[in-house]
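The values are calculated or read from the model by the stated rules, or taken from the named source; none is laboratory data. None of the values given here were measured: they were computed from a predicted structure. Note that each Cβ is placed from the backbone with ideal geometry, even for glycine, and that neighbours are counted across all protein chains shown. Calculation scope for accessible area: heavy atoms of the full protein, side chains included, ligands and nucleic acids excluded. Shrake-Rupley method; radii C 1.70, N 1.55, O 1.52, S 1.80 Å.
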Amino acid sequence: MHILLVGAGLSGAVIGRKLAEAGHTCRIIDARDHIGGNCYTERDAESGVMVHVYGPHIFHTDDEEVWRYVNDFTQFMPYQNRVKSTTQGAVYSLPVNLLTINQFFDKTMNPAEAKDFIADQADTSITDPQTFEEQALRFVGRDLYEAFFKGYTEKQWGCSPTELPASILKRLPVRFNYDDNYFFHKFQGMPREGYTPMIEAILDHPNITVELSTLFTPDMAANADHIFWSGALDGYFDYRLGRLGYRTLDFERFTYDGDYQGCAVMNYGDRDVPFTRITEHKHFAPWENHEGSVCYREFSRSAEPEDIPYYPIRLVEEKALLEEYISLAEETPAVTFVGRLGTYRYLDMDVTIREALDTADMFLGTVEQGGMM
Ligand code: UDP
């Protein structure tokens, strides 16, 4: 079969590879002049630092098959994400852990004492937290909420945490020990040479051709037996029902001679600091040595049509519109919508790969039974 895959990011590459291995011809197009989508990395020519051009990507998963899959294509180095937060004039450890709590409240509590202490801070009148703010007040109390979450979240999402779902905060743990590893996952790492060579290796198959700087045109569909679309879901339908909202990021890139902040990620909890965080990219590759440094100040704002979409907003309004687009997608069996943009969900890389592998398997199963076109 002739398969057209729109988007040469993780979804397109992983699906393309599986179908290519099964003997299908895969044409992968991408509007950008590089592969990898937002995972794209490249070395800064001057300092040699590996730069995560669209913001930091840290690989973490509990999915052993996915972990083996990525390790088959590139060498991963051990890496643990340890984030700091500057707020109210001091630097703290994230996610909120016993060090954060003791420093913030100027105490020397042990885990059990800290648990009781935080339970006293918590607003127990909230029994079934629905919003981000309710979730925070219920589980960490007002002081920690205002220092670490309120300002950051207002900047990140451009709205009040009272309008956001509790699920966003559920991504972040509160720990009553000194574990400051940002992720719980069993497997964590960073590709030694960045993500671009990994995705290049996935795409490196005789049945795959990749065309960059190439926009999708309807005539391409005529030559394809099936399409996998990892572009924006609403974009496929020419935004005919309206636009699904995204947050985009502006990166203010700067270089520094030496070590700018001493860690990879420094969040800024105060509302009057306009950026959400500063990332210093050489610290994402601690096995390398570079004198110079490349940093990004990260600003979040509502995406305009010409901006690169990052975070699906998924507020009530978007959810209703999403349902309508999902119905349209279901009425379009010649196209499978995949990935972060194609399904309008905020997906971590491991989930993206898992879904891509499963989608490809399902497609192959259906084709074998003579079904899918
Ligand atoms: N968050 C926060 N303060 C922080 C870090 C995160 O309030 O210092 C909130 C913010 O609303 C963010 C959410 O927690 O969107 C999830 O954080 P995560 O680190 O998972 O952010 P992501 O990977 O989505 O950028």
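Before moving on, here are some points about what is shown:
- Length gained when the stretch SER125-GLN369 is fully extended (0.36 nm per residue, less Cα-Cα span): 82.3 nm
- Fluctuation leader among GLU200, GLU280, GLU323 - the chain, Gaussian network, Cα springs under 10 angstrom: GLU323
- Principal-axis tilt of helix 349-368 within the chain, Cα atoms, nearest 10 degrees: 30
- Report summary: the helix-based calculation at 222 nm, which adds -39500 (n - 2.57) for every DSSP H run with n ≥ 4 and divides by the residues of the chain, gives -8500 deg cm²/dmol.
- Amide H partners (placed H, <5 Å) of ARG43, local residues excluded: VAL51
- A 1.4 Å probe over all protein chains sorts LYS186, LYS155 by accessible area into LYS186, LYS155, starting with the largest.
- A simple rule links phi to the HN-Hα coupling: the Karplus curve 6.51 cos²θ - 1.76 cosθ + 1.60 with θ = phi - 60°, which for the stretch 334-344 gives 6, 10, 10, 8, 9, x, 4, 7, x, 10, 6 Hz, with x for Gly and Pro.
- For the chain, share of DSSP beta bridges that run antiparallel, in % to the nearest 5: 65
- Sequence-ordered 3J(HN,Hα) estimates for the stretch 278-290 from the Karplus curve with 6.51, -1.76 and 1.60 and θ = phi - 60° stand at 10, 10, 10, 5, 5, 6, 7, 10, x, 7, 9, 10, 9 Hz, glycine and proline given as x.
- Taking amide H positions as modeled 1.01 Å from N, with prolines and chain starts lacking one, the residues under 5 Å from VAL210 and 5 or more places away or on another chain are ILE28.
- Within the listed set VAL91, VAL338, VAL49, the Gaussian network model of the chain (springs between alpha-carbon atoms below 10 Å) gives the highest mean-square fluctuation for VAL91.
- SER125 exposes around 90 Å² of accessible area when a 1.4 Å probe is run over every protein chain in place.
- Per residue, the stretch 222-277 exposes an accessible area of 48 Å² to a 1.4 Å probe, with every protein chain left in place.
- Note: relative contact order over the stretch 213-341, using C-alpha pairs below 8 Å and six or more positions apart, is 35 percent.
- Summed side-chain charge close to LYS107 - residues other than LYS107 whose Cβ falls under 15 Å, Lys, Arg +1, Asp, Glu -1: -4
- Interchain or long-range residues, amide H under 5 Å from PHE337's placed H: TRP229
- Note on the stretch 280-373: with charges restricted to the Cβ of Lys and Arg (+1) and Asp and Glu (-1), its dipole about the Cα centre is near 180 debye.
- Chymotrypsin sites (Phe, Trp or Tyr not before Pro) restricted to DSSP loop in the stretch 226-270 with at most 16 other C-beta within 10 Å: PHE237, TYR239
- Percent carbon-and-sulfur accessible area, the chain, ignoring ligands, DNA and RNA, probe 1.4 Å: 49
- Dipole magnitude for the stretch 30-177: about 320 debye, using +1 per Lys or Arg Cβ and -1 per Asp or Glu Cβ, origin at the Cα centre.
- Entries in LYS18/LYS170; LYS282/LYS319; LYS18/LYS155; LYS84/LYS319; LYS115/LYS282; LYS170/LYS319 that, when Cα-Cα distance is taken, lie over 31 Å: LYS18/LYS170; LYS282/LYS319; LYS18/LYS155; LYS84/LYS319; LYS115/LYS282
- Rel. contact order, % - alpha carbon contacts under 8 angstrom, at least six apart, the chain: 26
- Each residue of the stretch 227-244 was assigned a 3J(HN,Hα) from its phi angle through the Karplus expression (A = 6.51, B = -1.76, C = 1.60, θ = phi - 60°), giving 10, 10, 10, 10, x, 5, 4, 5, x, 4, 9, 6, 6, 5, 9, x, 9, 6 Hz with x at Gly and Pro.
- Most fluctuating residue given options LEU94, LEU241, LEU144, as computed from a GNM of the chain linking Cα atoms under 10 Å: LEU241
- Relative contact order, whole percent, for the stretch 117-209 stands at 23, derived from Cα pairs under 8 Å and 6 or more residues apart.
- Using only side-chain charges placed at the Cβ, +1 for Lys and Arg and -1 for Asp and Glu, the dipole size of the chain relative to its Cα centre rounds to 460 debye.
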